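Novice: Below you will find the structure I want to go over with you.
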Amino acid sequence: MQLVINTYGTYVHIKDDMFEIRQKKEDQIQKHHFSSRKVQSILISKGSAISSDAIILAMKNNIDIVVLENDGTPVGRFWHSRPGSTTKIRKEQLETSMNENGLTWVKEWLANKLNNQTGFLKNLKKNRAGKADEIEEAITTISNLKEKISKTEGKSVADVESSLRGLEGTAGRVYFGILSKLLSEPYRFSGRSFRPAQDPFNAFLNYAYGILYSRVEKALTIAGLDPFVGFMHRDDYNMKSLVFDFIEPYRIFAEEVVFKLFSAKKVAKKHYDKITNGITLNTEGKKLLVEHFFRFFEEDKIRHKGRNQTRANILQLDAHNFANTLIRKNSKS
C-alpha cells in the first residue's frame, strides 16, 4: 500500500502503533488508520505535516517517506541511516561511470527506452487505422535512431555524450509529436514542457514522472547503488544523476498511464488548474493519476523473463541485476 498525502492541511501521526491520517472537511476532522505492516511508502506533498513519531515508525518498518513539490517532483526523503549494501558496489559504480562499460550501459538504457516507445506506438496503431501511416512513420524513425545509438562507439560516455543526447532528443520529439496527434483536439500539446507545464497532458506526465523518480531512487538504494553517481547525466551539486540515467527505460510506465487517461476521456477540466505561466494538477487530478498509476505499477502484471511480474518488481529486479553485474556476480543479460 502507498499512502499519498496531497490534501492541504493533512496531518500524519501515530495512534496505537498505526499511522493516523487526519483531514479537515467541512468543519469536521476525518481520521483514517493504516497498519505499518501494510504500508510500503508514504508520499507527502507541500502543505501537509508528519510527526517525528510517524517518521520513526516508518524507519523501523523500512517504509520510505518521500516529500514532493506540488507538481510531483521529489525534493527529499526519509530513509534509514544504514547503507543498503556493500560499499564494493559503489566503488565499482564510480569506476564504471568513467570507462567503456559505462557507455555500454547508457546505450542499453537509451536503446531500451526507444524500443519501449516503438512498442507502445505499435499497440496504439492496432486500433487507429486512420493514423496508421503516421504512426508507422514515427516507429520507423525512432527505430533508426535506436540503431544509431546502439552503434555509437567511444571509450567513455564523455566521448559521445552530445551525439547520444541528440539522437535521444530527436526520438523524443517524434514520439511525443505522434502521441499529441492521437489525442482529442482539446488536449493536444506542442512538445514537452516542464515546470510549469504548459498544458494538461504535460502536467499529468510531469507528476507521474515525479512519482516514478522516487520509486527508481528507492530501487537503486535498496540494491546498494549510489543515486548520485551517474553515467550520462551531469554530476551537479545534489544531482541524483544515476536516477535520471536508470529511469530512461521505465518512463514508458508513466507515459502509458497518462496517455490512457486522456484517450479514455477520464481527464476533465476539474482535474487541473491554471497558474501563472502554466497548468498544475489539483487535488482531484492527483488522486485520479495516483490511483491509476499505482494500480498499473504495483498490481497489474506483465510477462518478464518468463514470469508474471508487477512493474514495481521488474524495476527492483533490474536494479539488483545492475548492481550484481557491477561486482561481477552475474553476467549482464
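Novice: Kirkwood hydrodynamic radius (Cα pairs, Å) of the range 119-197?
Specialist: For the range 119-197, inverting the mean 1/r across all distinct Cα pairs yields 14.1 Å.
Novice: I want to verify a result. In a Gaussian network model of the chain, Cα cutoff 10 Å, which of these has the top mean-square fluctuation: GLN316, GLN28, GLN198?
Specialist: Most flexible of the set in this elastic network: GLN28.
Novice: Hey, can you rank 112-118, 184-190 by average C-beta count inside 10 Å, highest first?
Specialist: Top of the packing list down: 112-118, 184-190.
Novice: Among PHE296, ILE211, LEU183, whose Cα projects farthest towards the positive end of the dipole of the chain, with charges put on the beta-carbon of Lys, Arg (+1) and Asp, Glu (-1)?
Specialist: PHE296
Novice: Further question on the same structure: So which of LYS113/LYS240; LYS122/LYS218; LYS25/LYS270 end up more than 28 Å apart by C-alpha?
Specialist: Over 28 Å apart, Cα to Cα: LYS122/LYS218.
Novice: Going by Cα centres, the range 264-313 and the range 168-242 are how many Å apart?
Specialist: Centre-to-centre distance over Cα atoms comes out at 14 Å.
Novice: Take each complete run of DSSP H in the chain, measure how far its Cα atoms stretch along the helix's own axis, and keep only those covering 27 Å or more with mean Kyte-Doolittle hydropathy at least -1.0; list them.
Specialist: 100-125, 132-151, 157-181, 200-222
Novice: If you take Rg and Dmax of the Cα atoms in Å from the coordinates, which of (1) 25.3, 96; (2) 20.7, 64; (3) 19.3, 58 do you get?
Specialist: (2)
Novice: What is the magnitude of the charge dipole of the chain about its Cα centre, with +1 placed on the Cβ of each Lys and Arg, -1 on the Cβ of each Asp and Glu, and no other charges, expressed in debye to the nearest 20? Show your work: numbers first, answer last.
Specialist: On the way: 53 positive and 39 negative charges, 148 e Å.
The calculation lands at about 720 debye.
Novice: OK, next. Kindly identify the range 1-151 as rounded, prolate or oblate by the Cα gyration tensor criterion: order the square roots of the eigenvalues as a ≥ b ≥ c, call it rounded if a/c is under 1.5, otherwise compare a/b with b/c, prolate if a/b is larger, else oblate.
Specialist: Working: a/c = 3.50, a/b = 1.57, b/c = 2.23.
Oblate, since a/c reaches 1.5 and b/c is not below a/b.
Novice: Given Cα pairs under 8 Å that are at least 6 residues apart, what percent is the relative contact order of the chain?
Specialist: Values: 516 pairs, mean separation 51.9, N = 333.
Across the chain, relative contact order equals 16 percent.
Novice: What range in the chain is the longest one free of GluC sites (Glu not before Pro) that are in a loop by DSSP and have at most 16 other Cβ atoms within 10 angstrom?
Specialist: 154-333
Novice: For the range 1-57, just say rounded, prolate or oblate: build the C-alpha gyration tensor, square-root its eigenvalues into a ≥ b ≥ c, call rounded for a/c under 1.5, and beyond that prolate if a/b exceeds b/c, oblate if not.
Specialist: Cα axes put the range 1-57 in the prolate bin.
Novice: If you take every DSSP beta bridge fully contained in the chain, what fraction is antiparallel? Give it as a percent rounded to 5. Mind showing how you got there, number by number?
Specialist: Details: 26 of 37 bridges.
Counting only bridges with both partners in the chain, antiparallel ones make up about 70 percent.
Novice: With a cap of 14 neighbouring Cβ atoms within 10 Å, and only residues DSSP puts in a loop, list the trypsin sites (Lys or Arg not before Pro) found in the range 268-307.
Specialist: LYS305
Readers should treat all values here as calculations from the given coordinates under stated rules, not as data from a laboratory. Given the structure is predicted, the values throughout are model-derived calculations rather than measurements. Note that we place each Cβ from the backbone using ideal geometry, even for glycine, and neighbour counts take in every protein chain shown.
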